[in-house]
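**Q** This is the structure, below, for whatever I ask next.
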């Protein structure tokens with residue numbers, strides 16, 4: 001064990017030592033503490049409780065080596081860390097007010113994203129302990145697309161169990177979990193066991209004390225009132241590193257452990273009529289949970305009605321494809337539930353967390369296109385509150401500034417709130433000027449920056465994705481200046497953006513030329529993050545880069561990656577977020593592979609509607625701690641929205657890749673209150689036996705210069721007085737105007 005542990009002690013350039021505990025945390029030790037820590041860790045592994053955690057998660061410990069996709073090991077190559085790569089899939093839940101999310105893994109284990117403990121549900125059947133994580137084939141989990149309630153069901157020959165999670169607020173933000181268990185006639189004695197365990201999906205060994213306050217039915221963990229029980233248990237058992245794991249012999253309402261391995265179990269007998277009760281879980285870290293009496297049915301009803309009202313706001317889409325409509329509803333809920341969390345993280349960020357700003361940017365893109373402008377504005381204001389004038393601008397500041405400008409301009413383009421723009425242009429000017437000054441200092445750009453902003457790119461060099469992001473920020477700030485009549489500033493930043501676009505175009509042309517059919521393929525010319533270059537088309541639309549070059553580069557990527565989705569070696573799996581952004585690009589380029597990628601991921605998510613950021617291509621399970629990614633949910637929504645219509649400055653495009661089933665006789669499609677750069681878009685498609693009729697409802701704020709419509713079959717457009725047919729491609733048509741109806745004849 002010690003020899004294996006020593007392998008992941010990594011000596012750094014500053015002669016300190018460290019251990020990667022997970023992707024984001026690096027624990028430093030001085031030389032004198034290394035041996036002590038190894039000794040403690042070795043003893044730690046010997047106790048039975050940690051073995052149980054290992055059995056639950058199957059955590060490997062090794063120095064990561066370079067493995068390709070077809071070895072089916074899917075382990076990251078750098079940096080080395082101790083990581084759970086088995087049970088990382090989870091469903092995230094919030095009461096839509098809290099900055100803390102509840103996490104429910106596939107076996108039904110419950111924790112929060114700030115806790116060091118978890119709640120597991122066990123079953124003691126005639127003195128035999130049954131744990132769901134050891135019988136996953138009997139566990140079914142789903143998220144209700146209407147109510148947002150997350151349920152976990154366990155069915156065996158001996159019992160049936162159901163847990164449901166919904167939100168509430170009493171003196172604190174909280175989640176309510178109900179438990180129902182029924183036994184079969186074959187079981188003489190059945191107990192439902194709630195066990196508080198000293199580990200989560202990515203940490204272990206930080207629970208030093210647990211106390212059950214029987215008079216108030218409150219569970220205090222590490223001296224903080226975290227859980228309230230609806231009914232008192234019949235018996236309580238404890239365990240720790242001295243007593244061993246819970247063996248249903250050590251009765252007590254309190255347990256301590258200096259090694260952080262305190263654990264406790266609450267026993268509920270399941271009688272003939274079964275057992276039903278609830279618990280309340282604190283979703284704050286500063287206010288203790290109080291013992292209060294609640295009306296369970298009333299709270300559940302209020303929560304579901306609140307979600308229903310929130311879901312009905314903004315864009316409404318009716319489609320014949322039921323899974324897509326479910327994803328639309330779930331995507332709304334998943335983004336709404338992280339708003340408080342994002343605002344809290346931004347307020348407490350040190351302005352160097354580029355990953356947070358990247359994540360916030362994509363969430364804002366989705367929220368505004370969903371029509372949640374108030375919620376997006378709250379996030380936007382928290383971003384603007386971080387703006388300060390710096391004496392020295394670093395590369396991380398440039399990346400954060402670029403995301404902020406891109407997010408602000410995107411919000412303005414859809415909201416058209418010129419008053420808000422005028423109020424905040426000075427803050428945007430400050431950060432835009434910082435980017436400009438930094439770029440001038442570091443010319444030539446690529447040679448003078450030994451870092452990049454990509455999550456899994458550990459090479460000390462700039463990546464062209466960063467150049468795309470900065471170029472987009474320049475072009476967007478120029479656009480904002482033009483809106484306010486600041487033509488001098490507009491010209492300055494417009495020229496900078498054009499210069500960078502030329503560099504990007506040359507780079508793309510160079511890569512394409514190196515891999516044409518007449519020359520041997522040289523994969524070393526591309527890196528594993530090459531797909532990020534497609535972002536110059538979507539979401540960072542740079543109109544100065546010709547679309548035909550983007551299309552050729554997309555074909556080159558298919559050769560490099562062998563297939564879609566995108567496998568990233570350094571993270572050890574499919575990058576789901578990047579793959580969905582690539583799918584959005586392929587969709588807008590008219591490549592049908594985009595539909596395959598979308599279907600692959602949404603089918604893998606099942607009825608849980610949860611997708612990780614990094615996915616094992618063999619098991620379709622997550623191998624990262626972001627098991628239910630909101631950024632992936634945002635990209636899923638954007639894909640669905642772009643499938644229906646996409647708004648570029650020069651054109652509104654309907655159905656970039658039209659689905660056959662959307663245009664069959666008697667099928668109807670309706671899009672209502674859909675925000676766009678032209679204002680709210682409303683249209684309806686009615687399919688008859690002889691025609692496809694597209695009704696354009698309500699004039700948007702701005703009439704698009706052109707409208708491009710794609711259909712899955714050749715047809716003929718009936719002429720009318722309220723539009724001009726500019727081009728007819730047989731299956732695609734470009735018109736000018738905002739007609740009341742377009743009638744396409746079926747041939």
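**Q** Is segment 209-306 best put as rounded, prolate or oblate by its Cα gyration tensor, with a ≥ b ≥ c the root eigenvalues, rounded for a/c under 1.5, and otherwise prolate when a/b is larger than b/c, oblate when not?
**A** Judged from the Cα gyration tensor, segment 209-306 comes out oblate (a/c at least 1.5, b/c at or above a/b).
**Q** When only Cα pairs under 8 Å and 6 or more residues apart are kept, what is the percent relative contact order across segment 517-639? Spell out each step's value before the answer.
**A** Values: 148 pairs, mean separation 25.5, N = 123.
Relative contact order here is 21 percent.
**Q** Right, next: What fraction of the Cα pairs in segment 528-616, stated in percent, has a spacing above 17 angstrom?
**A** 46
**Q** What is the spread of the Cα atoms of segment 651-746 along each of their three principal axes, largest first, in whole Å?
**A** Answer, in whole Å and largest first: 33, 26, 23 Å.
**Q** Here is a further query. What's the center-to-center distance, using Cα atoms, between segment 675-747 and segment 543-609 in Å?
**A** For segment 675-747 versus segment 543-609, the Cα centre distance is 29 Å.
**Q** Could you put 408, 729, 598, 159 in order, starting from the residue whose Cβ has the fewest other Cβ atoms within 10 Å?
**A** So the residues, fewest neighbours to most, are 729, 159, 598, 408.
**Q** Would you mind checking the tilt of helix 373-384 against the longest principal axis of the Cα atoms of the chain, expressed as 0 to 90 degrees and rounded to 10?
**A** 80
**Q** Mind ordering 151-158, 167-174 by average Cβ neighbours within 10 Å, highest first?
**A** So the order, starting with the most tightly packed, is 167-174, 151-158.
**Q** Normalised by the number of residues in segment 651-746, what is the relative contact order in percent for Cα pairs under 8 Å and 6+ residues apart?
**A** Computed over segment 651-746, the figure is 29 percent.
**Q** Between segment 111-128 and segment 154-175, how far is it from one alpha carbon centroid to the other, in angstrom?
**A** First find each Cα centre; the distance between them is then 12 Å.
**Q** Would you mind classifying segment 249-338 by shape? Square roots of the alpha carbon gyration tensor eigenvalues, ordered a ≥ b ≥ c; an a/c under 1.5 is rounded, otherwise it is prolate if a/b is larger than b/c and oblate if not.
**A** Numbers: a/c = 2.41, a/b = 2.01, b/c = 1.20.
The shape class here is prolate.
**Q** Let me ask something else. Compute the Cα gyration tensor for segment 271-392, then decide on rounded, prolate or oblate, letting a ≥ b ≥ c be the square roots of its eigenvalues: rounded whenever a/c is under 1.5, prolate when a/b is larger than b/c in the other cases, and oblate in all that remain.
**A** It is oblate, given that a/c is not under 1.5 and a/b is not larger than b/c.
**Q** Could you check the spin-label model distance between residue 745 and residue 690? Points 7 Å from the Cα along Cα→Cβ, value in nm.
**A** 1.0
**Q** log10 I(q)/I(0), Debye, Cα-only segment 90-306, no solvent, q = 0.14 Å⁻¹?
**A** Each listed q corresponds, in turn, to -0.84.
**Q** Let me check against my output: what whole-number percent is the relative contact order of the chain, with C-alpha pairs under 8 Å and at least 6 apart?
**A** 11
**Q** If you average the C-alpha positions of segment 288-351 and of segment 488-518 separately, how far apart do those two centres end up, in angstrom?
**A** So the two Cα centres are separated by 42 Å.
**Q** Where does helix 354-370 land angle-wise versus the long Cα axis of the chain, in degrees 0 to 90, nearest 10?
**A** Here the helix axis deviates by roughly 70 degrees.
**Q** Right, next: How many nm is it between the label spots at residue 595 and residue 437, if each spot is 7 Å from the Cα in line with the beta carbon?
**A** Placing both labels 7 Å beyond Cα along the Cβ direction yields 5.2 nm.
**Q** Oh, and also: Cut-off 19 Å, label point 7 angstrom out along Cα-to-Cβ of residue 234: give me the residues of segment 120-138 whose amide nitrogen falls inside.
**A** So the set is 121-131.
**Q** Write down, largest first, the equivalent ellipsoid semi-axes of segment 336-412 in whole Å, where each equals the square root of 5 times an eigenvalue of the alpha-carbon gyration tensor.
**A** On the way: eigenvalues 89, 31, 21 Å².
The three semi-axes for segment 336-412 are 21, 13, 10 Å.
**Q** Which percent, to the nearest 5, of DSSP beta bridges fully inside the chain are antiparallel?
**A** Looking only at bridges with both residues in the chain, the antiparallel portion is about 95 percent.
**Q** Next question, about the same structure. From the list (1) 83, 65, 54; (2) 101, 58, 54; (3) 80, 58, 51, can you say which value of Cα extents along the principal axes in Å was derived from the structure given?
**A** (1)
**Q** Then there's this: Evaluate E = 1/(1 + (r/R0)^6) for residue 390 and residue 650, where r is the Cβ-Cβ distance and R0 equals 51 Å; express this FRET efficiency to the nearest 0.05.
**A** Plugging the Cβ-Cβ distance into 1/(1 + (r/R0)^6) gives 0.90.
**Q** So if I average 1/r over every pair of distinct C-alpha atoms in segment 416-455 and take the inverse, what Kirkwood radius in Å does that give? Write down the numbers at each step before the final one.
**A** Details: mean 1/r = 0.0809 Å⁻¹.
By the Kirkwood definition, the hydrodynamic radius is 12.4 Å.
**Q** Semi-axes of the equivalent ellipsoid of segment 604-716: what are they in whole Å, largest first, if each equals the square root of 5 times a C-alpha gyration tensor eigenvalue?
**A** Numbers: eigenvalues 210, 72, 29 Å².
Listed largest to smallest, the semi-axes of segment 604-716 are 32, 19, 12 Å.
**Q** If you don't mind, another one. Treating the angle as unsigned and between 0 and 90°, give the value, to the nearest 10°, between the Cα long axis of helix 547-561 and the longest Cα principal axis of the chain.
**A** 40
Since every read-out is calculated from the coordinates, none of them should be taken as a lab result. All values reported here derive from a predicted model rather than from experimental measurement. Every residue, glycine among them, receives a Cβ derived from its backbone with ideal geometry; neighbour counts consider all protein chains shown.
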